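Here's the structure, in structure tokens; my notes come after.
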Amino acid sequence: FQNEINEVPFFDVQLPYELALKIFRYLGKAELGRCAQVSRTWKILAEDEVLWYRLCQEEGYLLDMSISDHSCWKLALKNCRAREHMLKTNWKNRVGAVSQLRYEPGSVLCDVHSCDGVVMAGYTSGEVRLWDTRAWDYAAPVLAAAAGPGGAGAPPHVSFVRINSSLAAAAYEDGTVSVWSLLLGREPIHHFQHNQRIQALALAPGGTAVATASGFEVKVESPDDKGFWQTPATFEIQKLVNFLNLVPDVPGSPVAVAAAEDIVYLLKAEDPGKVLHSVYGQPVTCLDVSAHEAAFGIKTFGWLLNEPNQILLYNLETNQCVTKVGNSIGDFSCVNLHNSPPNMLVAGNKDRRVRVFDVRRGAAACSLYAHQLGVSAVQMDEWKVVSGGEEGLVCVWDQRTGTKLWEMHARHPVRHVWFNSHSLITANIPEEKNPRGSSITEDDPSVHRKYRGIIYSYEFSVDQLAVESVLPICRSSYDEVTGYNYNIGLAVPYDSI
């Protein structure tokens, strides 16, 4: 019937179908629904797939799909909105499945990083493991390390791990760095060595460059067009580097931002010694970098009473300070800029507060207080904030109302927090990597479980993972799945028996 419509009645005017469709493009969902009740012709026009495909794209759903991928885009938009509402409700009520990504042999967790649900962890045994939390069994393959000289002695501890969508990198205590491809398997595709201990490791979120800081040297490694790894840039720094980040989405040679005590460097191959910020006696306490800006906290020592600890935001294209935010006696211990919504950033402080800043106003939008010790990890999106503290507490906040939704506690400090719309990953990493009295001899692998550290993975898509979140041995062939809801709503098929 739709193909037979040549003219659409608009009151006393007969318009061609294509022209009427252009008029309907300016209407929203509610207006299209009202128009569908006018007549049979208007109903067909108001439910045209082109209109609902455009509405779906405008609201940010199914951006990677074409109009031919769905037969009914109105239903697709309805399902997407229902899923988003369900996820927000589950986040607020702490309903979901929780799993511990525990590595059982007796070694202590050293560092954790994650990207898009893939978790990477390094241990004191020298092993590096991956978990893909998007799969039901959370498989944890071991990434093989490059063979050392002679292959003798115990493997060194892992100092840092970093992962993005295509690469994984790990730095070891003896100064070696291994790089793996997530597509090619468990053997490293690149390996290089520093003469001294590595202080920082950085991996661009979407790129293939790896940056390391060792001693007074910052080295950047990246593959060329043929896949051969090379060193496009090496930078000499006057002080020891505390923080190192690679700027994402940079065409051409990689660009790094390094904080060395009280100096922040912008490291480009064409301008190797560019100083972004330097004030004597004001060390940098945290650093984060987005595609166009860098945010870092600075610490004052009290002789400048009119200038408390602040977070500075610099534009990486103009190299100018955009704004200064914060007015705190405590040191800013962590800042998250690249995951925050536009014109917003979130920071944690040693005064036990989490602050959300509106960069346009240069002021704090809200200040959240719940941690007994300093804040060690933060991340936010449009409506919520997740923070981790030195005492091991993970708190989830409603950013708009400033209220705490729920919290979880573990023994060690929270060093890593990452979440997306449906999952949350937190890591409690011990300060003490060689706990006293935990092993009798060097060959004894037994370290008590409470010393090892732990990684938690929360999944809030209950309707998809109600069956898959339990162990395979507990699975049932029943069609109906019922469950209970305590702090975490775990779904087990046998609850109704």
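Applying both filters, DSSP loop and at most 14 other Cβ atoms within 10 Å, to the GluC sites (Glu not before Pro) of the stretch 186-282 gives Glu270. Residues whose amide H falls under 5 Å from that of Val8, counting only those 5 or more places apart or on a different chain, are Leu15, Tyr17, with hydrogens built in the peptide plane. Exceedance of the 26 Å cut-off in Cα-Cα distance is limited, within the set Lys88/Lys404; Lys22/Lys74; Lys43/Lys78; Lys350/Lys433; Lys268/Lys350; Lys274/Lys299, to Lys268/Lys350.
Per-residue extension of 0.36 nm, minus the Cα-Cα distance of Glu59 and Ser367, leaves a gain of 107.9 nm for this segment.
Here's how it looks for Ala365: its modeled amide H is under 5 Å from those of Val356, Phe357, Asp358, which are all 5 or more places away or on a different chain. Counting Lys and Arg as +1 and Asp and Glu as -1 over every other residue whose Cβ lies under 12 Å from the Cβ of Leu313, the net charge comes to -1. With the convex hull constructed from alpha-carbon coordinates only, the stretch 279-415 shows a mean projected area of 8.2 nm² over all directions. For the stretch 177-216, the pair-distance distribution built from all alpha carbon pairs, in bins 10 Å wide starting at 0, is 25, 51, 23, 1 percent.
In the stretch 17-91, taking the dipole from charged Cβ atoms about the Cα centre, the farthest positive-side position among Leu45, His70, Cys35 is held by Cys35. Shape class of the stretch 17-91 from the alpha-carbon gyration tensor: prolate, with a/c at 1.5 or above and a/b greater than b/c. Under 13 Å from the Cβ of Leu405, count the other residues' Cβ atoms, weight Lys and Arg +1, Asp and Glu -1, and hand me the total. In short, +4.
Summing +1 for each Lys or Arg and -1 for each Asp or Glu among the other residues whose beta-carbon sits under 15 angstrom from that of Gly206 gives -1. Across the stretch 248-253, coupling constants 3J(HN,Hα) worked out from phi with the 6.51/-1.76/1.60 Karplus curve, θ = phi - 60°, read x, 6, 9, x, x, 6 Hz, and Gly and Pro carry x. For the stretch 279-415, the share of accessible area belonging to carbon and sulfur comes to 49 percent (1.4 Å probe, ligands and nucleic acids excluded). Going by accessible surface with a 1.4 Å probe and the largest first, Glu58, Glu49 read Glu58, Glu49.
Once divided by 2.2 N^0.38 Å, the Cα radius of gyration of the stretch 227-299 becomes 1.12.
Summed over the residues of the stretch 350-444 and divided among them, the accessible surface reaches 46 Å² per residue at a probe radius of 1.4 Å. Counting only protein heavy atoms and a 1.4 Å probe, the stretch 269-330 has 50 square angstrom of accessible area per residue.
The values are calculated or read from the model by the stated rules, or taken from the named source; none is laboratory data. Computed from a predicted structure; not experimentally measured. In this analysis, Cβ positions are derived from the backbone assuming ideal geometry, glycine residues included, and neighbour counts consider all displayed protein chains. Note: accessible area is taken over every heavy atom of the protein model, side chains too, but ligands, DNA and RNA are not part of it. Shrake-Rupley method; radii C 1.70, N 1.55, O 1.52, S 1.80 Å.
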